[in-house]
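Read-outs: derived from the displayed coordinates by stated rules, not from any lab. This structure is a prediction, so every number in the text was calculated from the model and none was measured. Don't worry about glycine lacking a Cβ; one is built from the backbone with ideal geometry, like all the others, and counts go over all protein chains shown.
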Amino acid sequence: MRRKLAAGNWKMNGTADDLAQIEALTAAFAAPSVDLLICPPATLIAQMVWKKGAHPLAIGGQDCHTAAKGAHTGDISAPILAAAGATAVLVGHSERRTDHQETDALVSAKATAAYDAGLTAVICIGETLAEREAGTTLDVVRSQLAGSIPDAATAANTVIAYEPVWAIGTGKIPTIEQIAEVHGFIRSELTARFAAEGEGMRVLYGGSVKPSNAADIFAVADVDGALVGGASLKADDFGPIITALEATV
Ligand code: PGA
């Protein structure tokens, strides 16, 4: 059985003032029946790790360099994230792919760097609106999966986040049938390539997940949780999403 995962991506939002959200979250879910992960700006990782104490909430980075250290001004490496207390890192988020021209090969190398540092890589994929409208969604997803996931991926070190680019931050989500189709496809691709390890990898849905649509999305087979952006910033919004996921366990 795959353990469900509710993950929050704070993107470029949050200062020390927002640590109160972590306090509220850990108080509301003292013993969660699903895994919880928050990926704040890197400046907050160590503070969040300290703030959450022994609570099982995991803290993650939003990106990492392919190298462990060196002359890469402004970048952050997987070992540095791990040393700050992170246990996971997002790689290949569509905003990184767009803003920083990240390719599947680069994303795969970043995932390898994450594994080497003992971090779980949350590998993000998803089609653009043009690709959806051209009917090429499954082809895009197939090639992103093939190119972005290293051969060393296992159920323990890898989570896949399927995030249609056109659903991120837009309030639009695919139909339940479309989510089911892509998640079923991803599962079959993972199982074909990684056998039992692929069967065990969590596949999250991401893109405009909110308290109002979470239960419908979580009812879809092969949806093992969510990667939540805007609605993860406030415990009052993220909490009901976690509750909806716990209701499926
Ligand atoms: P959103 O972002 O929930 O704000 O749409 C999701 C993501 O980009 O991970």
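If we sort 223-236, 5-18 on the protection proxy, mean other Cβ atoms within 10 Å, highest first, what's the order?
For the peptides 223-236, 5-18, the packing ranking is 223-236, 5-18.
Placing +1 at every Lys and Arg Cβ and -1 at every Asp and Glu Cβ, with all other atoms neutral, what dipole size does region 30-120 have around its Cα centre, in debye to the nearest 20?
280 debye
Using θ = phi - 60° and the Karplus curve 6.51 cos²θ - 1.76 cosθ + 1.60, what whole-Hz ³J(HN,Hα) does each residue of region 219-225 get, with Gly and Pro shown as x?
After applying 6.51 cos²θ - 1.76 cosθ + 1.60, I find 7, 6, 4, 6, 9, 9, x Hz.
Using only DSSP helix segments of four residues or longer, with each worth -39500 (n - 2.57), what per-residue ellipticity at 222 nm results for the chain after dividing by its residue count and rounding to 500?
Working: 10 runs with 105 residues, N = 249.
Rounded to the nearest 500, the figure is -12500 deg cm²/dmol.
In whole percent, what relative contact order does region 61-137 give with Cα contacts below 8 Å and a gap of six or more residues?
Taking the mean separation of contacting Cα pairs over the length of region 61-137, I get 33 percent.
Relative to 2.2 N^0.38 Å, what does the C-alpha radius of gyration of region 19-148 come to as a ratio? Two decimals please.
The value comes to 1.16.
Would you please give the residues with an amide H less than 5 Å from that of Thr128, counting only those at least 5 places away or on a separate chain, with H modeled from the backbone geometry?
Val165
Between region 24-47 and region 93-156, what is the separation of their alpha carbon centroids in Å?
Using only Cα atoms to place each centre, the spacing works out to 24 Å.
Let's test the formula: R0 of 25 Å, r as the Cβ-Cβ distance of Ser33 and Ala215. What FRET efficiency results, to the nearest 0.05?
0.95
Counting pairs of alpha carbon atoms under 8 Å apart in space and at least six apart in sequence, what relative contact order in percent does region 47-91 give? Please list the in-between numbers first.
Numbers: 50 pairs, mean separation 20.8, N = 45.
Reported relative contact order: 46 percent.
Which whole-number percent gives the relative contact order of the chain, counting Cα pairs below 8 Å spaced six or more residues apart?
Numbers: 506 pairs, mean separation 51.8, N = 249.
With pairs under 8 Å counted, the relative contact order is 21 percent.
Say the cut-off is 28 Å between C-alpha atoms; which of Lys69/Lys172; Lys11/Lys110; Lys69/Lys210; Lys51/Lys172; Lys4/Lys69; Lys52/Lys172 go over it?
On the way: Lys69/Lys172 39 Å; Lys11/Lys110 18 Å; Lys69/Lys210 37 Å; Lys51/Lys172 34 Å; Lys4/Lys69 33 Å; Lys52/Lys172 33 Å.
Too far apart for the 28 Å limit: Lys69/Lys172; Lys69/Lys210; Lys51/Lys172; Lys4/Lys69; Lys52/Lys172.
Ala16 to Thr136: FRET efficiency via 1/(1 + (r/R0)^6), r the Cβ-Cβ distance, R0 35 Å, to the nearest 0.05?
E(calc), rounded to 0.05, equals 0.20.
Just going by the charge dipole of the chain, with Lys and Arg at +1 and Asp and Glu at -1 on Cβ, which of Ile168, Val49, Gly147 is farthest out on the positive end?
About the Cα centre, the residue reaching furthest to the positive side is Val49.
At 7 Å along Cα-to-Cβ for each site, give me the label-to-label distance between Ala152 and Gln178 in nm.
The two pseudo-label positions are separated by 3.6 nm.
Cα convex hull of region 50-115: mean projected area in nm², to one decimal?
Taking the Cα atoms of region 50-115, their convex hull projects to 5.0 nm² on average.
Got a sec? Charge dipole of the chain, +1 on Cβ for Lys and Arg, -1 for Asp and Glu; which of Thr136, Ser208, Ala83 is way out at the positive end?
Ala83
In the chain, if every C-alpha pair distance is counted and binned at 10 Å from zero, what percent goes to each bin?
Per 10 Å bin, starting at zero, the Cα-Cα P(r) for the chain comes out as 8, 35, 39, 17, 1 percent.
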